[in-house]
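Reading through the C-alpha cells given below for one structure.
The values are calculated or read from the model by the stated rules, or taken from the named source; none is laboratory data. As the structure is a prediction and not an experimental result, all values here were calculated from the model. When we count neighbours, we look across all protein chains shown, and the Cβ atoms used for this are built from the backbone with ideal geometry, even at glycine.
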Amino acid sequence: MERGWWNSSRWARLNCTPGARVENIDHTDRLIFDLDPAENVPFEAVKLAARDLKRRLEAKGLTCYLKCTGGKGLHASVLLDETSTWAEVKSFSAAIAGEMVQDAPDAYEATTCKEKRQGKILVDYFSSDYTATAIADFAVRARPSGPVAVPLEWSELGKMRAANQFTIADVLKRLKRKAPNPARYDNRQRLPA
C-alpha cells in the first residue's frame, strides 16, 4: 500500500458523520463547536475554552456534550430536534463564537485565517454547515499512533492531558469499565428563540 493513504482525504471522510439524517436533510440534528488551538496554545487553555463554551450554551438553555477529537482540540456538541434549518443553526453558532471572541480577543478567533489564529483557539462553528462533517465518536484518526476520538463526561475534562491521548487499546479498556452516557445520543434540544 502506498504511504500517502495515511493522510488522504478519503480516509478522513470515512471517519466523519454529516450533520443531518437523509430523511430530513434540510434540518440539522446537531451543532458542533470545534475548539482548535494554534500550535503554541497549551491544552490547558483548550480545556478552559471548553468550560467557557459549556457555560455559554447552558445560559441559553442547552446541554452540550464533550469529545476529544483525537487531534489537537475538543468538540462541544448539542443534539438538535431537527426543527432548525442549517442557516438558523449556523447563525446561532456564529453568534456564540462571536461572543467568545468579543469577550476574550486575545484567547479566541472565529475565522480560519491562519495569521489571525496565532496564539489563539479557533472557535470553529463551521461544522454547523450543510456541507460539513465532523469526526465520529470512536473514530480512529489517520495520524501516527492512531489516536481515537472519544466522547467524554465533563467531569473527566480536568484529568485530560491531550485531545489525542486515547489509543485503540485505551478505548477498549475504557468501554469495559463504562459505556457512554446514552443521553448524549438521545437528548434532542431546540435552539432558543
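General remarks:
- Residue in region 69-84 that is under 24 Å from Arg143 (Cα atoms), touching a strand residue (DSSP E or B) at 6+ places or on another chain (Cβ under 6 Å) and of a type in the set (S, T, N, Q) present: yes
- Filter result for Pro151 (under 23 Å from Glu58 (Cα atoms), part of a loop (DSSP other than H, G, I, E, B), within 17 Å of the chain's Cα centre (by Cα) and in contact (Cβ under 8 Å) with a residue 24 or more places away in the chain): no
- Number of positions in region 125-179 that are touching a His at 6+ places or on another chain (Cβ under 9 Å) and at pLDDT below 90: 3
- Matching residues in region 57-97 - criterion: being more than 20 Å from Ala183 (Cβ to Cβ) and either in contact with a Cys (Cβ under 8 Å, 6 or more places away or on another chain) or of a type in the set (Lys, Arg) (or both): Lys72, Lys90
- On inspection, Pro147 passes the criterion of being touching a Lys or Arg at 6+ places or on another chain (Cβ under 6 Å) and closer than 25 Å to Asn40 by Cβ.
Yes/no per residue for (1) within 22 Å of Trp154 (Cα to Cα); (2) touching a residue at least 12 places away in the same chain (Cβ under 8 Å); (3) among the small types (Gly, Ala, Ser); (4) in a strand (DSSP E or B):
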site: Asp52; (1), (2), (3), (4): yes, yes, no, no
site: Leu62; (1), (2), (3), (4): yes, yes, no, no
site: Gly70; (1), (2), (3), (4): yes, yes, yes, no
site: Pro105; (1), (2), (3), (4): no, no, no, no
site: Thr112; (1), (2), (3), (4): no, yes, no, no
